[in-house]
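The values are calculated or read from the model by the stated rules, or taken from the named source; none is laboratory data. Model, not experiment: these values are computed from the prediction. In this analysis, Cβ positions are derived from the backbone assuming ideal geometry, glycine residues included, and neighbour counts consider all displayed protein chains. Each accessible area value is taken on the protein alone, full model and side chains, heavy atoms only, with ligands, DNA and RNA left out. Shrake-Rupley method; radii C 1.70, N 1.55, O 1.52, S 1.80 Å.
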Amino acid sequence: MPPAHTRASTTRVGASPALSPHEEPNSEATKLRPGGPGYRRMNAALFAAGVATFALLYSTQALLPAISAGFGVTPDAASWTVSAPTAALALAVLPLSALSERFGRQAMMTASLTVAAVVSLIVPFAPDLGTLVALRTVQGVALAGIPASAMAYMAEEVRAKALVGAIGLFVAGNSIGGMSGRIVTGWVAQISDWRAALAAVGLLAVICTVAFRLLLPKSRHFTPSTVSPRALARTVRGHLSDPLLCRLYAIGALFMTVFGAVYTVIGYRLVGEPFNLPQGVVGSVFLVYLVGTVSSAAAGRLVGRLGRRGALYAAVSTTAAGLLLSLSGTLAAVLTGLVLITAGFFAGHAVASSSVSRAAKSGRAQASALYQSAYYLGSSAGGALGALAFRTAGWEGTVLLGLVAVLTAAGITIYATRKALAERRARAAHPSNGCAGPAPAR
């Protein structure tokens, strides 16, 4: 589930930095506003899109033990039903966000949801693991058209003062979709089997897709622009050559590696000895995601008190403490460890993702898309490597992988801290360079 990690931006791929017609100040009066016509319909439509996207993306995660048993495969093999679609989304999000500049946000989101929902009705009938992974990969590519297009749609169609609230509801849909998809599949699998559970999520996705199509107001402020591959490549190269942005991408990927590893494997641990929990109860463990909603919201206050790097240190410490606590043999300690891991992950992710738009001097939409790519690649790597570590060394192996990832994120933050201090000392020693005042947090 991903939380509020994307900043809305009206920067267009390959377009002039000048304001486009729908960005003119005098068009603000014609945009959607709370209480105005279409605003509630837009919120409901995008909420439905968020629910469908994240219910589908992680629909097999709570079912991995059942899928392993059904196909007679190892945890690391079954984990590809989660890792493949997240990797596909990571690779497709940038090109699909560019295509939305040409064909429109509404068209891109409708096509993406429709393809993903149709495939979800085929997924339960997969005859083998390879077919299941292939179908899930197609879903991941399709779903890549939702996040960036939704943010751009809101930036274009919603009044600036109402934009934060609109994005908040979309992110709420993401969180509820990610959580409810896992819970629904867990309980349906306990009553029936994992195929019926995936069919239930597919039906939910179809309903959400129809609701989205019927409710979303027509775009009034979108202006098509020609996508320039060269301009896109220049923007991407510029972002990837920026050391600060690269550090933020790495931190986001490393935090998600921990999160992906833990939540891909936790089902195997809880259905086995010494806990022996039923599938429905294991699915309900994902209610812990609600902790992430709280910690994401608190991240801003944490940054205000500790600064961005201080908040990252706090997130790293909380995540590491949760990993160590989860090694306990008591269920209460394991669940408390999951709470700490979830809180630390969401706080760290919120700080890193919000810093991307702040750090990017231009091409903020592409900078955010690159962060999403790194984020979901971290999810894919965490799921695959975490399951492999679990098969070879048990839960201790998965925890070790998580500790290596989170301590690497800490090392990157320490490097940034030392670099910032060195720059401040250099400016203090040479004030004539015209760099008065403290450096921004990097």
Would you confirm whether or not region 285-304 contains a residue that is surrounded by fewer than 24 Cβ atoms within 10 Å (Cβ to Cβ), within 23 Å of ALA405 (Cα to Cα) and without any contact (Cβ under 8 Å) to a residue 24 or more places away in the chain? no
From the list GLY260, GLY283, exactly one residue is within 24 Å of ALA389 (Cβ to Cβ) and either in contact with a Lys or Arg (Cβ under 6 Å, 6 or more places away or on another chain) or modelled with pLDDT under 90 (or both). Which is it? GLY283
Any hit, region 116-136, residues being touching a residue at least 24 places away in the same chain (Cβ under 8 Å), under 22 Å from LEU370 (Cα atoms), of a type in the set (Ser, Thr, Tyr) and out of contact with any Lys or Arg (no Cβ under 6 Å at 6 or more places or on another chain): no
Residue by residue through region 104-137, note down the ones that are β-branched (Val, Ile, Thr) and over 18 Å from the mean Cα position of the chain (by Cα). THR110, THR114, VAL115, VAL118, VAL119, ILE122, VAL123, THR131, VAL133
Selection status of SER97, open to solvent by less than 10 Å² (accessible area, probe 1.4 Å) and among the polar types (S, T, N, Q): no
Restricting to region 125-159, count the residues that are farther than 25 Å from ARG41 by Cβ, in a helix (DSSP H, G or I) and open to solvent by 10 Å² or more (accessible area, probe 1.4 Å). 10
Inspect all residues belonging to region 325-333 and state whether any of them is open to solvent by less than 40 Å² (accessible area, probe 1.4 Å) and assigned to a helix (DSSP H, G or I). yes
Out of region 236-266, which residues are surrounded by 24 or more Cβ atoms within 10 Å (Cβ to Cβ) and either among the β-branched types (Val, Ile, Thr) or farther than 18 Å from ALA90 by Cβ (or both)? ILE251, THR257, VAL258, VAL262, THR264, VAL265, ILE266
Quick count over region 185-222, residues being loosely packed, with under 15 Cβ neighbours inside 10 Å and in contact with an Asp or Glu (Cβ under 9 Å, 6 or more places away or on another chain), is 1
Total residues in region 72-94, condition of a type in the set (Val, Ile, Thr) and open to solvent by 20 Å² or more (accessible area, probe 1.4 Å): 2
Check on SER83, under 18 Å from THR131 (Cβ atoms) and out of contact with any Pro (no Cβ under 9 Å at 6 or more places or on another chain): yes
So which residues in region 382-400 are open to solvent by 40 Å² or more (accessible area, probe 1.4 Å) and within 23 Å of LEU312 (Cα to Cα), if there are any at all? LEU400
Can you name the residue in region 387-417 that is of a type in the set (Val, Ile, Thr) and touching a Lys or Arg at 6+ places or on another chain (Cβ under 9 Å) and, of all such residues, is modelled with the highest pLDDT? THR398
